[in-house]
1. Which of the residues belonging to the stretch 213-262 are closer than 29 Å to I64 by Cα and of a type in the set (F, W, Y)?
2. Enumerate the pairs (first residue in the stretch 217-240 and outside any loop (DSSP other than H, G, I, E, B); second residue anywhere and polar (S, T, N, Q)) with beta-carbon separation below 6 Å, excluding pairs fewer than 6 apart on the same chain, so at least 6 apart or on different chains.
3. Which ones in the stretch 159-179 are touching a residue at least 12 places away in the same chain (Cβ under 8 Å), over 21 Å from T93 (Cβ atoms) and over 28 Å from the mean Cα position of the chain (by Cα)?
4. Which condition number does Y167 fail, the rest of (1) at pLDDT 95 or above; (2) farther than 28 Å from E52 by Cα; (3) of a type in the set (S, T, Y) being met?
5. In the stretch 303-327, what count of residues is obtained for those that are at pLDDT below 90, farther than 17 Å from E231 by Cβ and either among the aliphatic types (A, V, I, L, M) or part of a loop (DSSP other than H, G, I, E, B) (or both)?
6. Conditions first: (1) at pLDDT 90 or above; (2) out of contact with any helix residue (DSSP H, G or I) (no Cβ under 9 Å at 6 or more places or on another chain). G219 passes all but one, so which condition is the exception?
7. Identify all residues within the stretch 198-230 that are farther than 18 Å from P127 by Cα and not hydroxyl-bearing (S, T, Y); write none if there are none.
Amino acid sequence: MALKNCYNYWQQAIILLITISVFCFWYFAFPYVIVIRESLLLFLWNSSYFMERIAIPGGLAQYIGEGLVQFFRNPLNGALIYALLFVTEQWLTNQLLKQAFPTWKKAIRFALSLIPPILLWRIAMIPEVPLTPTIAIIMVMALMFGLTFLPKKIRAISTCVLLPIVYWLTGPAAILLVFCAVRWMPLTVILFAGSLIGSSWIAPYPLQKIAMGIDYYWGKERNIGTYEQMECDMLVRMNQWDNIISKFQYSNSATVACAVRLAKFETGQIGRQELFSSMVVPQELQSGTPTIFSSNGLHLSVNFESLTAAYMVSDIAIQMYLPTISQRAAFEAMEFTPNYNKSGRALQRLVQTNMITGNYKTALKYLSILEETTFYREWAHEMRHMAEHPQLVKKNPFFKQAQEAYANAEDMFFI
């Protein structure tokens, strides 16, 4: 008995240690991947958004995943969520192995139970893989665990009945359910295949995409950005100017180099004119096809090479009081989003740029959307009061300076 208790304590200690390691990994080593994930979506608390998600296979898993990702605006929240998902996945795997192989040694079952969460941990590091497949697998495994308490025949019948429903809610991860009724596997496999093929007649996606999972993998067609760009973007967003200078002083990325110049400006090492002249250059000095130009032949020295780069350009331009460039970059960032989602971060920037340029009706349109979010709602309420009373805009130090700079400077236009 004492040996059994000792083993249980060691098992719990290992789980605790790995969970802490997962948290520390995300919070200290890869917080920028957490932050950029939040920039890739706009989670709304309304029925239209829910119905839009639930109308496709795997929609409920996607909805829950996006509901969690909205908390990733703070890296601490993201690290905690990833750690909790790891523990949940490990516990479910261990319980299912216990039910399926009761004669196996506990140590073997415990070691095997670590494999799925570690694999999902590694997959989560890939920016093109959203949280949807992780949530889907956990949902299916939780149902499988619940079914283990039923008699075998009832469990098999329940599996056959539930499989098409679970497939629609979770996507291809529902294939795991076939292991709940091993003797009926030919029938359950046919049901799964029928559900998959049948959904291709309903959902507006090709069969190949549906088979892979509509929101399981985004692909690399739309470049999210490098880890270096993601980290720099996070630091720009958090105004950590000294860290930007120390970490990226010798970066080869043009966008990151511009962020370093902005950091030097913010820390007083260079002036606004020097900042402007280093980012906006004459046409003959612009390498490659220009992305943004003005009527007098000046060009921005960076282009929108990735989603993260576009966000950085937007952040840099707004600090330089170039609202039209910042607005264009925010639109480009949303267009880079792999699953064609909108972005709360981009809409927040569009509100700011339209406030600067005096397009208050357009700003109110974006604010009405942000007011249905969790973390942008309070800010949207404050901005709505200003947008409805333009005289208050000039009392805000940032908007006052930005409007004066915009009114006295040449506008930028785009190709």
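The values are calculated or read from the model by the stated rules, or taken from the named source; none is laboratory data. Note that the structure is predicted; figures quoted are calculated from it, not measured. In this analysis, Cβ positions are derived from the backbone assuming ideal geometry, glycine residues included, and neighbour counts consider all displayed protein chains.
1. Listed by number, the residues that qualify are Y216, Y217, W218, Y227.
2. Once the first residue is outside any loop (DSSP other than H, G, I, E, B) and sits in the stretch 217-240, its partners that are polar (S, T, N, Q) give Q229/T308; M230/T308; D233/T308; L235/N243.
3. C160, P164
4. Just one mismatch for Y167, condition (2).
5. 7
6. (1)
7. Within the stretch 198-230, G198, W201, I202, A203, P204, P206, L207, Q208, K209, I210, A211 qualify.
Yes or no, residue by residue, for (1) surrounded by fewer than 20 Cβ atoms within 10 Å (Cβ to Cβ); (2) in contact with a Ser or Thr (Cβ under 7 Å, 6 or more places away or on another chain):
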| position | (1), (2) |
| --- | --- |
| Y82 | no, no |
| L85 | no, yes |
| W104 | yes, no |
| I108 | yes, no |
| L112 | yes, no |
| P127 | no, no |
| P130 | no, no |
| P133 | no, no |
